[in-house]
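Here's the structure, in structure tokens; my notes come after.
The values are calculated or read from the model by the stated rules, or taken from the named source; none is laboratory data. Remember, predicted model here, so these are calculated numbers, not experimental data. With ideal geometry, Cβ positions are generated from the backbone for all residues, glycine too; neighbour counts draw on all protein chains shown. These accessible areas exclude ligands, DNA and RNA; they are computed on the full protein's heavy atoms, side chains included. Shrake-Rupley method; radii C 1.70, N 1.55, O 1.52, S 1.80 Å.
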Amino acid sequence: MVKVAVLGHGTVGSGVVELLLKNKKSIESRAGQEIEVKYILDLRDFPDSPYQDKFIKDFNIILQDPEISIVAEVMGGLSPAFDYVRSLLESGKSVVTSNKELVAAKGAQLLKTANQHNVNFFFEASVGGGIPIIRPMHQCLAANEISEVAGILNGTTNFILTKMIEEQMPFDQALQLAQQLGYAERDPSADVEGHDACRKICILASLAFGKHVYPHTVHTEGISRLSLDDVAYADSFDGVIKLIGRARRLPGGKIVAAVYPAILSKHSQLANINDVFNGILIRGDATGDVVFYGRGAGKLPTASAVVADIIDITKANCTSKSLSWEDSSGDNVEDYKLSPSRFYLKLQGDPAEARKQIARCFGDAEYLARPGQPADELAFVTEEMTEHELDRRLEELQGVQLKSMIRVLDY
């Protein structure tokens, strides 16, 4: 019998315990032996819980119990999660987690610790909720040289953008609706400013390219400055705006990584992923583009991925060699402005003079239009160039004001 402990009884933690009890027979048949939840660590009391006898408040009980071989960390955050997980691995206990902040910041260190103590540190639930992505990348796609990873990695922002695109709902109103429905937190900054997507692309890039990618090295923008005008101009370009996290390998081996809003063609594989769903594209040399799609968050989808990791560890007899990457000093990430793309620009100024300036600085621009477009507003899409080149050309513009800039990507 395998005895497990669960750290945290919030949304995901309660889902993990629920699945382990509700689907006990099928889970144990797949694992090959019985699995028992012995402890649930939480500072709160749950007097009405059917398993109230399992709750404890002292982490050291779990750490010092030789019967516990697997621990699910579903508390979130770096403290005390990092110290807890490191201590568990050092004591010979495997850990599974849904904690993207922990993996993005400390993944290389914790994977090394797990390897040194012949245990496992698994984190399928840290990216994409219930979407299988970590395991397929390090197992099913192992024969590929992966050149790029990109995707819609945050369900909250995707829901907001869907409302803006399909119902012409302003950002503030769409955010309020997301909060009312429980998709967005009271403080939504981690989602709408792109930090959540940044952590996830860091994990995917670290696994894809073999060296740790730290969040502070990844340029990150959110969606809070997008307007319905931008949505309308994108539509006239036969495109939609999505928040994209992406990491691409350069010829020299370094990568460029970033999170930002981007205009995608409506024919893109990622363009029609709407509402709270996520979509992740892996570009391999043997498979071409492979897209993973599903609910990126939620109690049971995320708990499903946590429990799947518990099953895998139950069947394993040593540490996983394929789920690993090296630590880095951050010099593996190149300047994101070296990555070329086309750009949507919205300018304000005297229309005749603005067109002269655009022709002088950008050549044959592709102009866009929207209903109700003011006479002094011009929007266009540039030819492909790096962002350094874009910055240089923007500096040459005279007598016009830049109101919006959005990358135009090809997926």
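Data overview
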| quantity | calculated |
| --- | --- |
| Answer from 362, 343 - the residue that is farther than 21 Å from residue 220 by Cα and surrounded by 18 or more Cβ atoms within 10 Å (Cβ to Cβ) | 362 |
| Some residue of region 136-152 being under 20 Å from residue 297 (Cα atoms) and part of a helix (DSSP H, G or I) | yes |
| Qualifying residue in region 62-77 (condition: modelled with pLDDT of 95 or more, of a type in the set (A, V, I, L, M), in a strand (DSSP E or B) and within 22 Å of the chain's Cα centre (by Cα)) | yes |
| Selection within region 211-241 - open to solvent by 20 Å² or more (accessible area, probe 1.4 Å) and in contact with an Asp or Glu (Cβ under 6 Å, 6 or more places away or on another chain) | 211 |
| Residue 291 vs. criteria surrounded by fewer than 19 Cβ atoms within 10 Å (Cβ to Cβ), at negative phi and within 20 Å of the chain's Cα centre (by Cα) | yes |
| Identity of the residue in region 164-203, more than 30 Å from residue 327 (Cα to Cα) and small (Gly, Ala, Ser), that ends up surrounded by the fewest Cβ atoms within 10 Å (Cβ to Cβ) | 182 |
| First in region 159-186 and more than 17 Å from residue 273 (Cα to Cα), second anywhere and among the acidic types (Asp, Glu) and open to solvent by 20 Å² or more (accessible area, probe 1.4 Å), Cβ under 8 Å, 6 or more apart | 179/185; 184/191; 185/191 |
| Selected residue (only one of 26, 87 is open to solvent by less than 60 Å² (accessible area, probe 1.4 Å), free of Cβ contacts under 8 Å to residues at least 24 places away in the same chain and in a helix (DSSP H, G or I)) | 26 |
| Single match in 297, 352, 308, 286 (criterion: open to solvent by 20 Å² or more (accessible area, probe 1.4 Å), of a type in the set (A, V, I, L, M, F, W, C) and under 23 Å from residue 160 (Cβ atoms)) | 297 |
